[in-house]
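Below is one structure; the comments refer to it alone.
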């Protein structure tokens, strides 16, 4: 390969060999970068432990899927495609950029393997990559400046908008692409002028374009463009590198780690403190997150990794209805706090004894329904639920609990249900079935049943929801199952108790229920409440317990094996349009999307439509358990919003498979003034209407 | 400031379905759960906040049986430093004056600047606070919903008719009965109670307090409960039926005909 221009490694300017810069720039920049990263690691070192080193196979799979294959990006098509182009462009160009840095010192440098046919493929690919990235950057710029998608906006309460940062980085990237191409374009144009065999430049790329533009340029122009573009590339490359850990582009560096360490299980809540047994919890000085360093290192890595893309908040039901919570700012405020107290230059600043009221507000943290929409959406694997629960644990430990929740919590402690109703009346709902069949109440020692129906508190006592309990019992009876309920031995499942941060109460409820279930001798548990299903499956997660099934799974199995037969809808039913609302604790937290739909589709003549927000993008109805008692600040109820979504889909009947969704949506219909036009029914209720006896 | 807060263990009326026992002289207590009288929580919270701001300590005291220790622990979990359980067979069946006499003896054994009680108890008569103040010859303010600490004095506010506020100055030592709403009592979880589970709570009986057993208890009570009954459902309730619109129309008609609206 012949060179028509003097390379940066051999060039001199005012008698100074430019190779000095080629050596100095990387040394200074890498040293600075290492220093910045060391400072950035400080809060992670001071933070609490987290157990994220297990099951490397699964973690690598997540990295391949979510990081490398950019799995979640196309959920937002335009932004997703732009990102994928830039992402793969960066991956491809990282080799070329490193090569260029070394070429400035040793002009003939080529990475091993790249002087073969592989190099031909690679250099062609990188020419197109640089061009594609350039186009993507222009598109991103136009979106940012012209179209301004709403999810990037900064609400006033959260301070200054960060568009400048996005535009600056887009500028960096554009300059990198242009300078790299110009560096090469000038070299090739000079080769052509000198009649040498030119290096290959892929057609229709930036470099190819520069080659054409410079075809008749003076040699000196080409020489200085070659050198200048090299050093501009070099400086911007290293400036960009050191700029990454300053803001939201930190994700370029942290994302691969964050995805590797992301949670493997869903539906569960992390322990109060890793490495501390349940029995030793009483000895802990403090619970949950109070100081910033009470977060785990993964929490802080999450803060660093947030790219401010707004997808979490765009899907957050609390944010949508105007509650004072936006998950995006849980991350950004945490990150800014870390940056402020662990600055790059100067000494660390002592963090607050309690961050509640400083970074986050109480209402913000209580506003979360733990629906999981944010975590489902985040393309970087950032988690929110555990942080929110840990901050609630901190508040509960300080006695800082909204008055509206104190009474139900005390009632749960004393009577095992949030209403404070009497234990002995827990199975009273079954009396209405006395004429049809007897529901076994497994209160006395020695009474047993094959299947345990875990009813849970609200379904046991709430008048409306009792009909779900009755329908569930009818289904189990209709399928010929030997089943029973725990009666007064059952206490609240504790799904929300745990998620509201009252860990010790949760532990008591869990221990009570585990013992009662074991004593019942049941071989499986069935429940119609996704919250109970979730907590037994994912939080109790005890080897002593029999497997737990949600009634929709039970129905799907028993319909397919013929034990339950459903008749078709009558004429009136056939006129209706049904839609299925995915409960968060069935869908997102446990991946049960198809069973309830299969049950609905087994009913003849049932016309079913999907809402735009369905399956893992379902919109929370506003939550269950203790959430029923919390009085949030909000502009509109989530239930109302959900009813409107169903109406937009053309539905007249909303079917759900969760007693809380049922009441919240029922209330939503009333508040929206759509009584008589819309109705809601639980899957079990619908099935019992159609069951052939 | 040394503050003594008098608290009481009461059946949790909100959580229980109250029934009269077969003898008709008390409520059926078998299935009841008990908790701290709601007003007392506000008093304890206020005391803790005052001590946090101005120094001193909070002691909680109750007259009752051994089970009453549970409410003392709950209040200590909130932040009261020490508890005092006044228990004696001789105390049983005391009327309000008897309870006040027992508490007075306990107050005199200590060195308190301020005595606080709840304005009333769920199953009580709102009389102990006033009587205690009279027996101690201390100044008394009732239904207090604001306290500001001054030098040897307190400014206390209470809500009067129409939501207006009245502010009085009161000299220490004094007795205050606290109204709900003065603050937002903190939450006490199981963890908090466990933390104070092993703190020793001194128990004092009649002789420890220097009380003549005949001056308190059932024998000395001059107010005696003679009956308990559930009022019979009166007539006059009318359920309006129909759709929401129809019910509204009927209601407006009724209100108009009775002169409620014009």
Of the conditions (1) within 14 Å of another protein chain (Cβ to nearest Cβ); (2) in contact (Cβ under 8 Å) with a residue 40 or more places away in the chain, the single one that residue A:510 does not satisfy is (2)
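Modelled with pLDDT under 95, farther than 22 Å from residue A:461 by Cβ and either crowded, with 17+ Cβ neighbours inside 10 Å or more than 12 Å from chain A (Cβ to nearest Cβ) (or both): does that describe residue B:12?
no
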Elements of type helices (runs of 4 or more DSSP H) in region A:299-365, at least 1 residues being surrounded by fewer than 22 Cβ atoms within 10 Å (Cβ to Cβ) and out of contact with any helix residue (DSSP H, G or I) (no Cβ under 7 Å at 6 or more places or on another chain): A:327-341
Region B:189-215, residues that are within 12 Å of chain A (Cβ to nearest Cβ), assigned to a loop (DSSP other than H, G, I, E, B) and over 24 Å from the mean Cα position of the chain (by Cα): B:198
Do any helices (runs of 4 or more DSSP H) lying entirely in region A:546-628 carry at least 2 residues that are surrounded by 15 or more Cβ atoms within 10 Å (Cβ to Cβ) and modelled with pLDDT of 95 or more, and which ones are they? A:551-560, A:594-601
Mind counting the residues in region A:390-425 that are over 30 Å from residue A:292 (Cβ atoms) and out of contact with any strand residue (DSSP E or B) (no Cβ under 8 Å at 6 or more places or on another chain)? 16
Has region A:378-399 got any residue that is within 14 Å of chain B (Cβ to nearest Cβ) and on the phi > 0 side of the Ramachandran plot? yes
Against the condition within 14 Å of chain B (Cβ to nearest Cβ) and on the phi > 0 side of the Ramachandran plot, how does residue A:372 come out, does it pass? no
Meets criteria (within 14 Å of chain B (Cβ to nearest Cβ), closer than 24 Å to residue A:288 by Cβ, at pLDDT 95 or above and surrounded by fewer than 19 Cβ atoms within 10 Å (Cβ to Cβ)) for residue A:502: no
Scan A:137, A:101 and give me the residue that is part of a helix (DSSP H, G or I) and over 18 Å from residue A:309 (Cβ atoms). A:101
Just wondering, is there one or more residues in region A:36-49 that are assigned by TED's automatic domain parsing to the domain that holds residue A:198, in a helix (DSSP H, G or I) and over 30 Å from residue A:256 (Cβ atoms)? no
Residue list for region B:16-59, filter: without any contact (Cβ under 8 Å) to a residue 24 or more places away in the chain, out of contact with any strand residue (DSSP E or B) (no Cβ under 8 Å at 6 or more places or on another chain) and within 11 Å of another protein chain (Cβ to nearest Cβ): B:16, B:17, B:30, B:31
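Residues to consider are B:66, B:2; find the one that is under 19 Å from residue B:141 (Cα atoms), more than 14 Å from chain A (Cβ to nearest Cβ) and surrounded by fewer than 24 Cβ atoms within 10 Å (Cβ to Cβ).
The unique qualifying residue is B:2.
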Can you go through B:182, B:170 and tell me which one is buried (at least 16 other Cβ atoms within 10 Å of the Cβ), closer than 21 Å to residue B:74 by Cα and modelled with pLDDT of 90 or more? B:182
Positions within region A:255-281 being touching a residue at least 40 places away in the same chain (Cβ under 8 Å) and not in a loop (DSSP other than H, G, I, E, B), in sequence order: A:255, A:256, A:257, A:258, A:259, A:260, A:278, A:281
Any residue in region A:76-97 that is on the phi > 0 side of the Ramachandran plot, exposed (fewer than 14 other Cβ atoms within 10 Å of the Cβ) and at pLDDT 95 or above? no
Would you say residue A:9 is in a loop (DSSP other than H, G, I, E, B), more than 29 Å from the chain's Cα centre (by Cα) and surrounded by 15 or more Cβ atoms within 10 Å (Cβ to Cβ)? yes
Could you tell me whether any residue of region B:113-129 is closer than 19 Å to residue B:202 by Cβ and in contact with a strand residue (DSSP E or B) (Cβ under 6 Å, 6 or more places away or on another chain)? yes
Out of the residues in region B:216-249 that are within 23 Å of the chain's Cα centre (by Cα) and surrounded by 10 or more Cβ atoms within 10 Å (Cβ to Cβ), state the one that is farthest from residue B:90 (Cα to Cα). B:228
Which residues, counting only those in region A:486-499, are crowded, with 24+ Cβ neighbours inside 10 Å, away from chain B (no Cβ under 14 Å) and part of a helix (DSSP H, G or I)? A:495, A:496, A:499
Does any residue of region A:465-485 turn out to be modelled with pLDDT of 95 or more, within 14 Å of another protein chain (Cβ to nearest Cβ), in a helix (DSSP H, G or I) and more than 28 Å from residue A:357 (Cβ to Cβ)? no
Kindly indicate whether any position in region B:71-81 is in contact (Cβ under 8 Å) with a residue 24 or more places away in the chain and more than 14 Å from every other protein chain (Cβ to nearest Cβ). yes
What number goes with the only condition from (1) touching a residue at least 12 places away in the same chain (Cβ under 8 Å); (2) more than 21 Å from the chain's Cα centre (by Cα) that residue B:166 does not pass? (1)
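Of the residues that sit in region A:412-450 and are at the interface with chain B (Cβ under 9 Å from one of its Cβ atoms), part of a helix (DSSP H, G or I) and over 33 Å from the mean Cα position of the chain (by Cα), which one is surrounded by the most Cβ atoms within 10 Å (Cβ to Cβ)?
A:415
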Within 14 Å of chain B (Cβ to nearest Cβ) and on the phi > 0 side of the Ramachandran plot - does that describe any residue in region A:258-276? no
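The values are calculated or read from the model by the stated rules, or taken from the named source; none is laboratory data. Predicted, not measured: the structure shown is a model, and the values here were computed from it. Using ideal geometry, Cβ is built from the backbone for each residue, glycine included, and neighbour counts are taken over all protein chains shown.
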